[in-house]
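Laboratory data are not the source of any read-out in this text; all were calculated from the coordinates shown. The shown structure was predicted, so the numbers you read here are calculated from the model rather than taken from an experiment. Cβ: placed from backbone, ideal geometry, glycine included. Neighbour counts: every protein chain shown.
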């Protein structure tokens, strides 16, 4: 069963929202990143992910199984209204979510500590892409991993070798955006002189964003 988000009346919180009707607001440019949350147990983590997803303008959050979804008081406390701005769907079964992503032809990449998995920074991220984050204790479900196009991991150097899932989400998604930005930007001028990447261009989003779904 899939529960689609019904958008509430939107408040203009950012300059580029001003004067845009609700139905057009939802279709504004977004990063071609889908995110699947596989049975996250903490509503606070989900709320934090909603906030970062809005900051990154991800295309869609796919919430599966026990993952909290609106309306939910704990989620709302950390999301601070971000779920009004981020398209989302809820699935009782994670396999239904995978079916939807596969039908759309979107490669699915899990972030999980798996022996032999490449560092997320060494992976060539496709566009569009769906990124999977798993349960805080058990990780991504084994059945989900088997259906993924690839698995990447965040290197751990400390004793515990673990990281908060909302933190992991921010690390990986911002890296993806940065990788796409660097690939899209010219590093030489008309004469072939190396000028480097412009890391302060305010029009970065135009390089890799497509209309939201």
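Between a residue in the stretch 140-161 that is more than 21 Å from residue 175 (Cβ to Cβ) and any residue that is outside any loop (DSSP other than H, G, I, E, B), which pairs come within a Cβ distance under 6 Å, given they are 6 or more apart or on different chains?
Close Cβ pairs satisfying both conditions: 141/38; 144/38; 144/94; 147/98.
Being farther than 16 Å from residue 42 by Cβ and out of contact with any helix residue (DSSP H, G or I) (no Cβ under 9 Å at 6 or more places or on another chain) is the filter; apply it to the stretch 166-176 and report the residue that is surrounded by the most Cβ atoms within 10 Å (Cβ to Cβ).
The extreme case among them is 172.
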